[in-house]
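Visitor: This is the structure I have questions about; it appears just below.
The values are calculated or read from the model by the stated rules, or taken from the named source; none is laboratory data. Because the structure is predicted, anything quoted here is derived from the model rather than measured. All Cβ positions, glycine included, derive from the backbone under ideal geometry; neighbour counts span all protein chains shown.
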Amino acid sequence: MAVLTMNFESEYLKGNNTVSVILPNKQPNVTPEAFYSSGEKYKVLWLLHGTFGDHSDWLRKTNIELYACEKNWIVVMPGALNSNYSNWGSFMMRYDMYDYLIYELMPLVYHWLPASDRREDNYIAGLSMGGRGAIKYAVNFPEKFCAAAILSAAPINFSDVTSDYLNSDNAQARRLKEMADNAGGWDRFIASEENVWAVINKLVASSTLPRLFFACGTEDDIAYENMLKFQRHAKEIGLDAIFWIKEKYEHEWRFWDLAIQQAFAFFLVESVY
């Protein structure tokens with residue numbers, strides 16, 4: 001397996017940015033010349049890190065290289081700071097992470113690497129903050145991804161969020177308020193692509209949504225409650241999604257290493273999850 005670490009100047013992030021990429025292995029019965037000149041285009045998994053992480057997290061803390069090698073896939077792992085995969089117009093000279101992945105990184109990968117740009121060959125996944133990013137990209141750009149895996153994260157019903165909660169000392173509330181302030185206020189925030197709950201409600205009957213896989217540990221005090229709320233809502237609106245709940249796991253890498261294996265099985269419609 002080849003692992004690339006690319007550092008390049010990004011127009012959307014206004015500076016150098018690093019991305020790690022796993023590329024498929026040459027098989028022993030194929031000559032290097034035949035393999036590298038084949039022109040084959042591979043499936044791509046866009047894999048997003050969580051808060052306090054970077055482009056190297058998945059490589060250092062899971063066996064993602066092994067799983068990708070077994071499937072013969074490309075895996076693209078961008079660095080995103082703690083951006084929530086959103087656009088931040090007031091951060092230094094701008095840091096438009098939401099636009100960066102779609103309008104800059106995806107064209108780079110498709111045209112520089114042997115990556116398929118067909119919807120049926122593109123998948124997205126992430127953990128925690130990256131899970132929120134994955135579902136946001138999946139439902140706002142359903143023409144680009146055929147399936148998504150959301151690990152230890154779930155859409156939130158913004159209609160249930162009170163001003164008392166937003167102004168509390170809760171870390172998640174402070175983060176949500178910062179995102180709303182960045183969007184220009186609460187009303188603009190809930191009318192934007194950030195309101196994934198509402199976007200799913202709008203698209204659920206249209207059959208345009210990617211296939212969706214959600215995973216969470218029962219001891220995850222950050223994500224489990226929201227996951228259960230969204231699971232109930234998904235049943236109410238007829239959303240055909242898979243929910244993989246694992247007993248005794250917390251918000252942790254041991255769980256995410258298991259969950260990404262289940263995600264690969266889901267992507268390939270294997271009956272092991």
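Visitor: In region 230-273, what count of residues is obtained for those that are in contact with a strand residue (DSSP E or B) (Cβ under 9 Å, 6 or more places away or on another chain), more than 19 Å from SER128 (Cβ to Cβ), assigned to a loop (DSSP other than H, G, I, E, B) and in contact (Cβ under 8 Å) with a residue 60 or more places away in the chain?
Guide: Qualifying residue count for the region: 1.
Visitor: Among the residues of region 252-273, is there at least one that is over 22 Å from HIS49 (Cα atoms), of a type in the set (S, T, N, Q) and modelled with pLDDT under 95?
Guide: yes
Visitor: Look through SER163, SER168, SER86, SER159 and report the one residue that is within 17 Å of the chain's Cα centre (by Cα) and under 25 Å from ALA223 (Cα atoms).
Guide: Answer to the selection: SER86.
Visitor: So which of ASN170, ASN84, ASN72, ASN122 is loosely packed, with under 15 Cβ neighbours inside 10 Å and touching a residue at least 24 places away in the same chain (Cβ under 8 Å)?
Guide: Details: ASN170 fails: touching a residue at least 24 places away in the same chain (Cβ under 8 Å); ASN84 fails: loosely packed, with under 15 Cβ neighbours inside 10 Å; ASN122 fails: loosely packed, with under 15 Cβ neighbours inside 10 Å.
Matching residue, one of ASN170, ASN84, ASN72, ASN122: ASN72.
Visitor: For region 124-132, does any single residue satisfy the condition of being part of a loop (DSSP other than H, G, I, E, B), within 20 Å of PHE243 (Cα to Cα) and modelled with pLDDT of 95 or more?
Guide: Of region 124-132, the ones part of a loop (DSSP other than H, G, I, E, B) are 128.
Narrowing the set further to residues that are within 20 Å of PHE243 (Cα to Cα) leaves 128.
Narrowing further to those that are modelled with pLDDT of 95 or more: 128.
Yes, because at least one residue in region 124-132 is part of a loop (DSSP other than H, G, I, E, B), within 20 Å of PHE243 (Cα to Cα) and modelled with pLDDT of 95 or more.
Visitor: What number of residues in region 1-54 are in a loop (DSSP other than H, G, I, E, B), within 22 Å of GLY126 (Cβ to Cβ) and out of contact with any Cys (no Cβ under 8 Å at 6 or more places or on another chain)?
Guide: Within region 1-54, the subset in a loop (DSSP other than H, G, I, E, B) is 1, 11-14, 24-31, 37-41, 43, 49-54.
When the remaining residues are screened for being within 22 Å of GLY126 (Cβ to Cβ), the result is 1, 12-13, 24, 43, 49-54.
Going one step further and asking which of them are out of contact with any Cys (no Cβ under 8 Å at 6 or more places or on another chain), we end up with 12-13, 43, 49-54.
Qualifying residue count for the region: 9.
Visitor: When you go through (1) over 15 Å from SER83 (Cα atoms); (2) at pLDDT 95 or above one by one for SER206, which number turns out not to apply?
Guide: All conditions are met except number (2).
Visitor: Ok, one more. Go through region 6-18 and give me each residue that's over 19 Å from the mean Cα position of the chain (by Cα) and either in contact (Cβ under 8 Å) with a residue 60 or more places away in the chain or loosely packed, with under 15 Cβ neighbours inside 10 Å (or both).
Guide: ASN7, PHE8, GLU9, SER10, GLU11, LYS14, GLY15, ASN16
Visitor: Given the conditions (1) touching a residue at least 60 places away in the same chain (Cβ under 8 Å); (2) surrounded by 15 or more Cβ atoms within 10 Å (Cβ to Cβ); (3) out of contact with any Leu (no Cβ under 8 Å at 6 or more places or on another chain); (4) not small (Gly, Ala, Ser), report the number of the one that MET97 does not fulfil.
Guide: So MET97 meets the others, but not (3).
Visitor: Please give the helices (runs of 4 or more DSSP H) falling wholly within region 140-208 in which 3 or more residues are basic (Lys, Arg).
Guide: 171-183
Visitor: Taking the conditions exactly as written (among the β-branched types (Val, Ile, Thr), free of Cβ contacts under 8 Å to residues at least 60 places away in the same chain and surrounded by fewer than 18 Cβ atoms within 10 Å (Cβ to Cβ)), does THR162 satisfy them or not? Working first, answer last.
Guide: Details: among the β-branched types (Val, Ile, Thr): yes; free of Cβ contacts under 8 Å to residues at least 60 places away in the same chain: yes; surrounded by fewer than 18 Cβ atoms within 10 Å (Cβ to Cβ): yes.
Taking the combined requirement at face value, the residue satisfies it.
Visitor: State which residue is farthest from the chain's Cα centre (by Cα) when the search covers only region 19-29 and only residues that are over 14 Å from VAL109 (Cβ atoms) and surrounded by 12 or more Cβ atoms within 10 Å (Cβ to Cβ).
Guide: Of all residues in region 19-29, those over 14 Å from VAL109 (Cβ atoms) come to 25-29.
Now narrow it down to the ones that are surrounded by 12 or more Cβ atoms within 10 Å (Cβ to Cβ): 25-26.
Details: ASN25: 24, LYS26: 27 Å.
The selected residue is LYS26.
Visitor: Looking at region 149-158, is at least one residue of a type in the set (Ser, Thr, Tyr) and in contact with a Phe, Trp or Tyr (Cβ under 8 Å, 6 or more places away or on another chain)? Talk me through it step by step, then tell me what you get.
Guide: Of the residues in region 149-158, the ones of a type in the set (Ser, Thr, Tyr) are 152.
Imposing the further condition that a residue be in contact with a Phe, Trp or Tyr (Cβ under 8 Å, 6 or more places away or on another chain) reduces the set to 152.
Checking region 149-158: at least one residue is of a type in the set (Ser, Thr, Tyr) and in contact with a Phe, Trp or Tyr (Cβ under 8 Å, 6 or more places away or on another chain).
Visitor: Something else now. Just to be sure before I move on: is ILE222 under 21 Å from GLY238 (Cβ atoms), aliphatic (A, V, I, L, M) and touching a residue at least 60 places away in the same chain (Cβ under 8 Å) in the structure I sent?
Guide: Details: under 21 Å from GLY238 (Cβ atoms): no; aliphatic (A, V, I, L, M): yes; touching a residue at least 60 places away in the same chain (Cβ under 8 Å): yes.
Criteria not met by ILE222.
Visitor: Out of all the residues in region 94-122, which are touching a Lys or Arg at 6+ places or on another chain (Cβ under 7 Å) and within 12 Å of LEU45 (Cα to Cα)?
Guide: ALA115, SER116, ARG119, ASP121, ASN122, listed by residue number.
Visitor: Return the residues of region 83-123 that are assigned to a helix (DSSP H, G or I), hydroxyl-bearing (Ser, Thr, Tyr) and within 30 Å of HIS251 (Cβ to Cβ); say none if nothing qualifies. Walk me through how you get there before you give the answer.
Guide: Of the residues in region 83-123, the ones assigned to a helix (DSSP H, G or I) are 97-112, 119-121.
Within this subset, residues satisfying the condition of being hydroxyl-bearing (Ser, Thr, Tyr) are 98, 100, 103, 110.
The answer is TYR98, TYR100.
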